[in-house]
Amino acid sequence: MSIVAPPIAAPDMLVERGGLLAKLHEWVVTVDHKRLGVMYVVAGLAFFLIAGLEAGVIRWQLAAAGKTFVSPQVFNRLFTMHGTTMVFLVGIPIVFGFANYLVPLMIGARDLAFPRLNAFGFWAFLFGGLLLYFSFLGGDGLYGAGSAPDVGWFAYAPLTARAFSPGNSTDYWNLSILVMGFGTVATSINLIATTLTMRCRGMSLGRMPLYVWMMLVVSGMTVLALPPLSAAQIMLLLDRFLGAHFFDTQAGGSAVMWQHFFWFFGHPEVYILMVPGFAMVSEIIPVFSRKVIFGYPMVVAASLAIGFLAMTVWAHHMFAVGMGAPLNSAFAASTMLIAIPTGIKIFNWVATMYGGRIRFATPMLFACAFLFQFLCAGLTGIILSVVPFNWQLTDSYFVVAHFHFVLVGSLIFTIFGAIYYWFPKVTGRMLSERLGRWHFWLFLIGFNLTFVPMHWAGMLGMPRRIYTYPADRGWDFWNLISSLGVPFQVAAVLIFVVNIALSLRRGAPAGSDPWDAWTLEWSTASPPPPYNFETAPVVESRRPLWDLKHPDDPDGPHE
Amino acid sequence: MRRVLAVVPTPSMFAPVSTPAFAIREVSFLVLAIVTVIFVIVAGLTVYAIVRYRRRPGDDAREPPQVYGSTQIELAWTVVPFLIVIVLFLTTARYIFAVERHAAPPEALEVTVVGNQWWWEIRYPSLGIVTANELHVPVSDPARPTPTFITLQSADVVHSFWIPQLAGKMDVIPGQRNRTWVEPLTPGTYVGQCAEFCGVQHAGMLLTVTVHSKDDFARWVAAQQAVAADVPAARAGRDVFTSVACISCHTVRGTPANGVFGPDLTHLMSRATLGAGVAPNTPENLRAWVNDPASLKPGALMPAMKLSKNQLDQLVAYLGTLR
Amino acid sequence: MVCLIVAEASLFAVFVVAYLYDLGKSLSGPSPGEVLSVPILGTVCLLSSSVTVALAVRALGRGAVRRSGAWLLATVLLAVVFLTGTAAEWLRLITREGLTIGTNLFGTTFYALVGLHASHVIVGLIMLALIAVFAWSRALRPSHVERVELVSWYWHFVDAVWVVVLTVVYVIGR
């Protein structure tokens, strides 16, 4: 990047700082998709560290029965903020941040369709995040009744009613997510418009990288699924501030209605988080196996199926609510059905590796761990779809294990892999492979130590969201092991941060295509110039760089 | 009768004692078997691919053969899971209907459980009994079943009623009546707790279920149906009770106290714990609770009564007579 | 714009579902049949405004910028009549019938749904008014016709939502 700071007619004392101020100013006013993408990911990683800290305290409190390290009030705020932060301030910004950066590059475009809307999306997210965390300060003291939100990340009614949540903590949760939601919908609209209208010449929909396809599906899901959350939150606002009765059971309102509306958003949301992970892995595995993805059309079809089916399974979070046997059965059916397109993707990835020449650079290590951990996550998902079994496992630590296998074991692992893979493109430097290996193995051990025993604790009757537990229930041992996984993860993340800091200054120069990959982003400089491509690319297959490197055997005729 | 909380078994869903819990364990074995087989196959293939096709030091820089797909293989690995899903779904539906639509036989016991923040009110409408936090039911004989059917209501927010060894959980939702049932086949005491986050002391909303033999259950019912004991030596304490606002929240049958916001205390001493399981029911704990409930259960909704030492002594002595 | 409309449709759908689900569940207070009367004038105005905005787009496409501005003005005026009608209805409901958002479930869902729609009418009205101003100040050019057409789509959507609200609240609900 070589944008020169404009000369500032300033007093002498500012001349030295003129460089820094000007640089900061560039970043604050930018509408460049690459810079916004970086800002999203950096902010997301910062929140990751904070939410990780919250989890660390939770695990310290639960390491043994009857601990009093934190009060129940503080503990309830911790798990609420941990969940809310990880979903809305880590997962969403990082996956959309990557899409922001990569989609235009992968389709040969200059930027997103609406650059200013893009900037709006980022600042809406950041403002929402700061608003949420302001609750630690602003809630207590001002009104004396409440601090950070403590109602759980899905904030069931009527616990969120004024009667049961006095003060403003719930309102911070409500408003911050409402604001962030608008930003996310805006970004999704941007991605859809970009993908549908700004592909370079020759790139039909059937020639887009799988990453772009999956982000298109994710954006479609967001446009459909986020507004219901906003609607429910507006209803909650009306209840709390204007005396409305949407969720007021004393006036005929319905507590279950909140659950339906929330999960109608909430389930697609977890696919909105996870599918980008699939997208990243669908780029990484072929490159490091040295083979084209096996079954591109089916992977696209499966992704579209997931996008559609994800809107039909929401009440599988509510099997214990008493919806009745017919509805329980219907949602069991749809949930089991969605396992199919999700599961066969694993087969496509493994089939890609089969017959390849696999190179285990750090991105591939994370991708391989993802394969096993996502397999577990999917299978525990199938277990949870068997409704009577669900009646024992829902709201227990088994579910906590399941969704952490999805969101950490699968999503975070793919995000780490993606960072190692695309960091050279973004910065022009390679991350250290040695530190990367330490990061990988420590995190793998720590993650599994923490979350595998939780399956068992759940089956032994341990419910979720409890700040302590009796000593005679047989849960102590498993909780201790879970807590022992924390130092490994902390060490791993520290090494990761050090890796980034060191590599930014002293990493090996990457060149435009350090991994010998095949999609368009690798055809331009690292980092790319502001306009992305010298001349607009023209493509003739799904792997334009493969065609260039293998003119004797281009992809086109095989597709 | 005063009991000590015996060492209770771990509330494992794999140690069922009641018909619905047995059914759940049955279906869980099938599911776990299917899932294990899938895991072994898929993980096995993945390990094989990783090991067999890793790049070796002697490899040249040539790219391996590019395989773009295979319609037959992809069809197969879509159809087979689909068949598995059909089997799984049909099994699941069968168990759903079997458990949910199980009709109550005429000898079934009806109980109403009302979830409160953070304790359980338990009513036996046909027996005229109201108690709290400890559910007592008769054992059921497979030849002539006497299950207990439970109607679940909430006085405030959403809770969830869960005793893993007896049944799957069922949410307790304000404005809605849910039904669940247990059919315990072995006497004993089993534990559970609230399973839906309901506020500050969600973790302190524990539950025990004591399954009695038929005779023992009849004895327990008779004891619970009796009105509160009137011990002359404790009358001073009873006067404290009636004068210091206790009666606005608590009921003691046989006295003017008929408040409904807190647990029925008529037979308080027959319960093994205080505060829905947070502390054993000992005189020291009872005294600490009455003096300041938050000392045993931070966030509990019962206020500290700010009694003088004398009042406290008399009151605790009175409560100690409510067997 | 299509995506925005889809997102907004999703938003409105949830309020409509809540309205339908809560019909008849009020424990006390006025019921729809007792206090609602079909807002015929407002509906006619709003639906006609779809016609006028379409005419505005067509005029602009043909280069008749001032005529386009006139049609836009007509659209805005029709919308204002609609909003006035809504305001008058709310005034009557609140002061004479005693129905507020907190009175009962009907009040809650009614004001939320109709209010959400009205807020979207206001936003659309501001956008159209701005374009009308641009037309009169000569800033608007025939080359802008595509952009104006997109705004008109938003307006058509708002009108379509009104048809749904009308049916659900004033026909089915009563």
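The values are calculated or read from the model by the stated rules, or taken from the named source; none is laboratory data. Source: prediction; values computed, not measured. Cβ sites come from the backbone with ideal geometry, for glycine too, and all protein chains shown count toward neighbours. These area figures cover heavy atoms from the full protein model, side chains too; ligands, DNA and RNA do not enter into them. Shrake-Rupley method; radii C 1.70, N 1.55, O 1.52, S 1.80 Å.
Can we say A:THR394 is of a type in the set (S, T, N, Q), within 10 Å of chain B (Cβ to nearest Cβ), surrounded by 21 or more Cβ atoms within 10 Å (Cβ to Cβ) and out of contact with any strand residue (DSSP E or B) (no Cβ under 8 Å at 6 or more places or on another chain)? Against the criterion (of a type in the set (S, T, N, Q), within 10 Å of chain B (Cβ to nearest Cβ), surrounded by 21 or more Cβ atoms within 10 Å (Cβ to Cβ) and out of contact with any strand residue (DSSP E or B) (no Cβ under 8 Å at 6 or more places or on another chain)), A:THR394 qualifies.
The set of residues in the range C:68-103 that are buried (at least 23 other Cβ atoms within 10 Å of the Cβ) and within 14 Å of chain A (Cβ to nearest Cβ) comprises C:LEU99, C:THR103.
If you go through the range C:145-174 and keep only what is in contact with a Phe, Trp or Tyr (Cβ under 9 Å, 6 or more places away or on another chain) and surrounded by fewer than 17 Cβ atoms within 10 Å (Cβ to Cβ), you end up with just C:VAL164. Can we say A:ALA367 is among the hydrophobic types (A, V, I, L, M, F, W, C), surrounded by 24 or more Cβ atoms within 10 Å (Cβ to Cβ) and either over 20 Å from the mean Cα position of the chain (by Cα) or modelled with pLDDT of 95 or more (or both)? Judged against the criteria, A:ALA367 is a match.
More than 24 Å from A:VAL212 (Cα to Cα), more than 8 Å from chain B (Cβ to nearest Cβ) and outside any helix (DSSP H, G or I), is that true of A:PHE331? Criteria not met by A:PHE331. Within the range A:266-281, the set of residues being touching a residue at least 60 places away in the same chain (Cβ under 8 Å) and either within 14 Å of another protein chain (Cβ to nearest Cβ) or open to solvent by 10 Å² or more (accessible area, probe 1.4 Å) (or both) comprises A:GLY266, A:GLU269, A:VAL270, A:ILE272, A:VAL281. Scanning the range A:507-559 for residues that are among the acidic types (Asp, Glu) and within 11 Å of chain B (Cβ to nearest Cβ) yields a total of 4. Scanning the range A:505-545 for residues that are within 15 Å of A:GLY202 (Cα to Cα), buried (at least 17 other Cβ atoms within 10 Å of the Cβ) and of a type outside the set (Val, Ile, Thr) returns A:LEU520, A:PRO537, A:SER541, A:ARG542, A:ARG543, A:PRO544, A:LEU545.
This table checks each residue for (1) out of contact with any strand residue (DSSP E or B) (no Cβ under 7 Å at 6 or more places or on another chain); (2) open to solvent by 60 Å² or more (accessible area, probe 1.4 Å); (3) touching a residue at least 60 places away in the same chain (Cβ under 8 Å); (4) in a loop (DSSP other than H, G, I, E, B).
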site: B:GLU63; (1), (2), (3), (4): yes, no, no, yes
site: B:GLN66; (1), (2), (3), (4): yes, no, no, yes
site: B:ILE73; (1), (2), (3), (4): yes, yes, no, no
site: B:THR91; (1), (2), (3), (4): yes, no, yes, no
site: B:ARG94; (1), (2), (3), (4): yes, yes, no, no
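Residues that are under 21 Å from B:GLY262 (Cα atoms) and assigned to a loop (DSSP other than H, G, I, E, B) within the range B:163-175 comprise B:ILE173, B:PRO174, B:GLY175, listed in sequence order. When A:PHE451, A:PHE496, A:PHE477 are screened for being exposed (fewer than 15 other Cβ atoms within 10 Å of the Cβ) and under 26 Å from A:VAL406 (Cα atoms), only A:PHE477 passes.
Sort out which residues of the range B:163-195 are charged (D, E, K, R) and either out of contact with any Ser or Thr (no Cβ under 9 Å at 6 or more places or on another chain) or more than 14 Å from B:VAL114 (Cα to Cα) (or both), and write them in order of number. Answer for the range B:163-195, where residues must be charged (D, E, K, R) and either out of contact with any Ser or Thr (no Cβ under 9 Å at 6 or more places or on another chain) or more than 14 Å from B:VAL114 (Cα to Cα) (or both): B:LYS169, B:GLU183.
Checking the range A:353-366 against the condition returns a match, with at least one residue being within 10 Å of chain B (Cβ to nearest Cβ), part of a helix (DSSP H, G or I) and among the aliphatic types (A, V, I, L, M). Of all the numbered requirements in (1) open to solvent by less than 40 Å² (accessible area, probe 1.4 Å); (2) touching a helix residue (DSSP H, G or I) at 6+ places or on another chain (Cβ under 7 Å); (3) within 18 Å of B:VAL130 (Cβ to Cβ), B:MET302 misses one, and that requirement is (1). Remark: pairs (first residue in the range B:294-323, on the phi > 0 side of the Ramachandran plot; second residue open to solvent by 40 Å² or more (accessible area, probe 1.4 Å) and in a helix (DSSP H, G or I); Cβ separation under 8 Å; 6+ apart in sequence or on different chains) = B:GLY299/A:GLN73.
Per-residue answers, yes or no, for (1) of a type in the set (A, V, I, L, M); (2) assigned to a helix (DSSP H, G or I):
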| position | (1), (2) |
| --- | --- |
| C:ILE101 | yes, no |
| C:VAL121 | yes, yes |
| C:LEU125 | yes, yes |
| C:ALA129 | yes, yes |
| C:ALA132 | yes, yes |
| C:SER143 | no, yes |
| C:VAL148 | yes, yes |
| C:THR167 | no, yes |
| C:VAL171 | yes, yes |
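Would you check if B:VAL200 is touching a Cys at 6+ places or on another chain (Cβ under 8 Å), in a loop (DSSP other than H, G, I, E, B) and either free of Cβ contacts under 8 Å to residues at least 24 places away in the same chain or over 21 Å from B:ALA98 (Cα atoms) (or both)? So B:VAL200 fails the test. Has the range B:42-50 got at least one residue that is in a loop (DSSP other than H, G, I, E, B) and facing chain A (nearest Cβ under 9 Å)? So far as the range B:42-50 goes, no, none of its residues is in a loop (DSSP other than H, G, I, E, B) and facing chain A (nearest Cβ under 9 Å). The set of residues from the range B:36-60 being surrounded by 13 or more Cβ atoms within 10 Å (Cβ to Cβ) and under 23 Å from A:CYS376 (Cβ atoms) comprises B:ILE38, B:PHE39, B:VAL42, B:ALA43, B:LEU45, B:THR46, B:VAL47, B:TYR48, B:ALA49, B:ILE50, B:TYR53, B:ARG54. Is it the case that the range B:80-88 has a residue that's within 7 Å of chain A (Cβ to nearest Cβ), open to solvent by 40 Å² or more (accessible area, probe 1.4 Å) and at pLDDT 95 or above? Checking the range B:80-88: at least one residue is within 7 Å of chain A (Cβ to nearest Cβ), open to solvent by 40 Å² or more (accessible area, probe 1.4 Å) and at pLDDT 95 or above. Here A:TRP314, A:TRP263, A:TRP213, A:TRP258 are screened, and the one residue that is touching a residue at least 12 places away in the same chain (Cβ under 8 Å), farther than 30 Å from A:THR197 by Cα and open to solvent by 20 Å² or more (accessible area, probe 1.4 Å) is A:TRP314. Among residues of the range C:104-133 being free of Cβ contacts under 8 Å to residues at least 40 places away in the same chain and of a type outside the set (Val, Ile, Thr), the one that is most open to solvent (accessible area, probe 1.4 Å) is C:LEU130.
Quick check: anything in the range B:113-127 open to solvent by 30 Å² or more (accessible area, probe 1.4 Å), touching a helix residue (DSSP H, G or I) at 6+ places or on another chain (Cβ under 6 Å) and in the same structural domain as B:PHE14 (by TED's automatic domain parsing)? The answer is yes; a qualifying residue exists.
Answer with yes or no whether A:ILE189 is of a type in the set (Val, Ile, Thr), in a helix (DSSP H, G or I) and either facing another protein chain (nearest Cβ under 10 Å) or in contact with a Leu (Cβ under 6 Å, 6 or more places away or on another chain) (or both). Taking the combined requirement at face value, the residue satisfies it.
Being more than 14 Å from chain A (Cβ to nearest Cβ), assigned to a strand (DSSP E or B) and either modelled with pLDDT under 95 or open to solvent by 20 Å² or more (accessible area, probe 1.4 Å) (or both) is the requirement here; does B:VAL130 meet it? Spelling it out, B:VAL130 is indeed more than 14 Å from chain A (Cβ to nearest Cβ), assigned to a strand (DSSP E or B) and either modelled with pLDDT under 95 or open to solvent by 20 Å² or more (accessible area, probe 1.4 Å) (or both).
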